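Take this structure first; my questions come after.
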Amino acid sequence: MKPLPRSFYSRETAIVARELLGKMLVRLTDHGDIAAKIVEVEAYKGSDDPASHAYRGKTSRNQLMFGKAGFTYIYFIYGNHYCLNVTTETESIPGAVLIRAVEITRGQEIARRNRRVEALKELSNGPGKLTQALNITKAHNGLDLTETKELFICDPEVKESFNTVVTKRVGIKAGREKPWRFYLKDNEFVSRS
DNA sequence: GAGAAGATCTCCT
DNA sequence: GGAGATCTTCTCA
């Protein structure tokens, strides 16, 4: 389980988003490890993307999007939820990929304890759900994903083939026309809208 | 310093 | 299918 290198993330955001599908998100905790396959993502960019936090320039919250690629960008939303993003592009171009849904393949019991639901499908089929299932909070903001620490992303042990679906993003008011949402076809953990 | 909106989830009908 | 929960961050004064 070797983390993906910085060069994977230092590319155009939509390309990174699409290629993150099928990768493994790994969470190491004191109570055990959790591994989850990424099944749904969305790309967010900079000045050409009105839905992005980076659209109106750099602020204290979004500065990670303007920094190096391969770091986490986690923010609190709607008074209840954390959303997990991965930074992309270079230090001069802002960009991030929102991890919207994962399929937990290892550590399911730990994830169940972190959430209050029994159904496996309900554990991680949404951006706010998966952060709760993996116990990801603001404390993990700005983490370097290229190091084997408590949170990183690596290639799957067995590479599966799958079809990728490209659609418009959800849950936003501006920039709805951009085809920057990607998910695995027929995967039941993909969030609906 | 105040007001409004938000990359969502859950419960209720 | 719809509204409430709940609090951080941004914008403007």
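If I take every Cα pair under 8 Å that is 6 or more residues apart in segment A:3-147, average their sequence separation and divide by the length, what percent do I get for the relative contact order?
Computed value for segment A:3-147: 26 percent relative contact order.
Continuing with this model, one more query. Gain in length, residue A:119 to residue A:137, computed as 0.36 nm per residue apart minus the alpha-carbon separation, to one decimal in nm?
On the way: separation 18, 0.36 × 18 = 6.48 nm, distance 2.25 nm.
Separation in residues times 0.36 nm, less the Cα-Cα distance, equals 4.2 nm.
Using the basic label-point model (7 angstrom from Cα toward the beta carbon), what is the residue A:91 to residue A:192 distance in nanometres?
4.6 nm
Let me ask something else. Between the alpha-carbon centers of segment A:37-115 and segment A:128-152, tell me the distance in whole angstrom.
Cα centroid of segment A:37-115 versus Cα centroid of segment A:128-152: 10 Å apart.
How much mean residue ellipticity at 222 nm does chain A get from its helices, if each DSSP H run of length 4 or more adds -39500 (n - 2.57) and you divide by all residues, to the nearest 500 deg cm²/dmol? Could you put the intermediate results ahead of the total?
Values: 4 runs with 26 residues, N = 193.
The helix contribution divided over chain A gives -3000 deg cm²/dmol.
To make sure I understand, if each residue's beta carbon is the centre and we count other beta carbons within 10 Å, what order do A:71, A:182 fall in, fewest to most?
Details: A:71 21, A:182 24.
By the 10 Å Cβ count, ascending: A:71, A:182.
Would you kindly state how much longer the chain becomes between residue A:163 and residue A:28 on full extension, computed as 0.36 nm times their sequence separation minus their alpha carbon distance, in nm to one decimal? Intermediate values should be presented prior to the final figure.
Values: separation 135, 0.36 × 135 = 48.60 nm, distance 2.92 nm.
Full extension of this stretch gives 45.7 nm more.
In debye, nearest 20: dipole of segment A:152-193 around its Cα centre with unit charges on the Cβ of K, R (+) and D, E (-)? Show your work: numbers first, answer last.
On the way: 9 positive and 6 negative charges, 104 e Å.
Dipole about the Cα centre, nearest 20: 500 debye.
May I ask you to list the trypsin sites (Lys or Arg not before Pro) in segment A:82-173 that are in a DSSP loop and have at most 13 other Cβ atoms within 10 Å of their Cβ?
Details: sites: A:100, A:106, A:112, A:113, A:115, A:116, A:121, A:129, A:138, A:149, A:159, A:168, A:169, A:173; in loops: A:115, A:116, A:149, A:159, A:168, A:169, A:173.
The qualifying sites are A:116, A:149, A:159, A:173.
Using the basic label-point model (7 angstrom from Cα toward the beta carbon), what is the residue A:106 to residue A:48 distance in nanometres?
Distance between the two pseudo-spin positions: 3.9 nm.
Hey, another quick one. Could you check which residue among A:128, A:171, A:95 shows the biggest mean-square fluctuation in a GNM of chain A with a 10 Å Cα cutoff?
Checking each option, the largest mean-square fluctuation is seen for A:171.
Could you work out the Kirkwood radius for chain A, taking every pair of different alpha carbons, averaging 1/r and inverting it, reported in Å? Please list the in-between numbers first.
Working: mean 1/r = 0.0608 Å⁻¹.
About 16.4 Å, per the Kirkwood formula over Cα pairs.
Counting only GluC sites (Glu not before Pro) that are in a DSSP loop and have at most 15 other C-beta atoms within 10 Å, tell me the longest site-free stretch of chain A. Walk me through the intermediate numbers first.
Numbers: sites that count: A:12, A:91, A:118, A:147, A:157, A:160, A:177, A:188.
Excluding the exposed sites themselves, the longest stretch runs over A:13-90.
Using the count of nearby Cβ atoms within 10 Å as a rough guide to exposure, how do A:24, A:65 rank from fewest to most? Please list the in-between numbers first.
Values: A:24 19, A:65 25.
Ordered from fewest to most neighbouring Cβ atoms within 10 Å, A:24, A:65 come out as A:24, A:65.
While we're looking at this one, here's another question. Could you please rank A:83, A:154, placing first whichever residue has the fewest other Cβ atoms within 10 Å of its Cβ?
Details: A:83 21, A:154 16.
If I rank by nearby Cβ atoms, fewest first, I get A:154, A:83.
Further question on the same structure: Mark the label point 7 Å from the Cα of residue A:58 along Cα→Cβ and return the residues of segment A:1-25 whose backbone N is within less than 12 Å of it.
The answer is none, because no backbone nitrogen lies closer than 12 Å to the label point.
Laboratory data are not the source of any read-out in this text; all were calculated from the coordinates shown. This structure is a prediction, so every number in the text was calculated from the model and none was measured. Cβ: placed from backbone, ideal geometry, glycine included. Neighbour counts: every protein chain shown.
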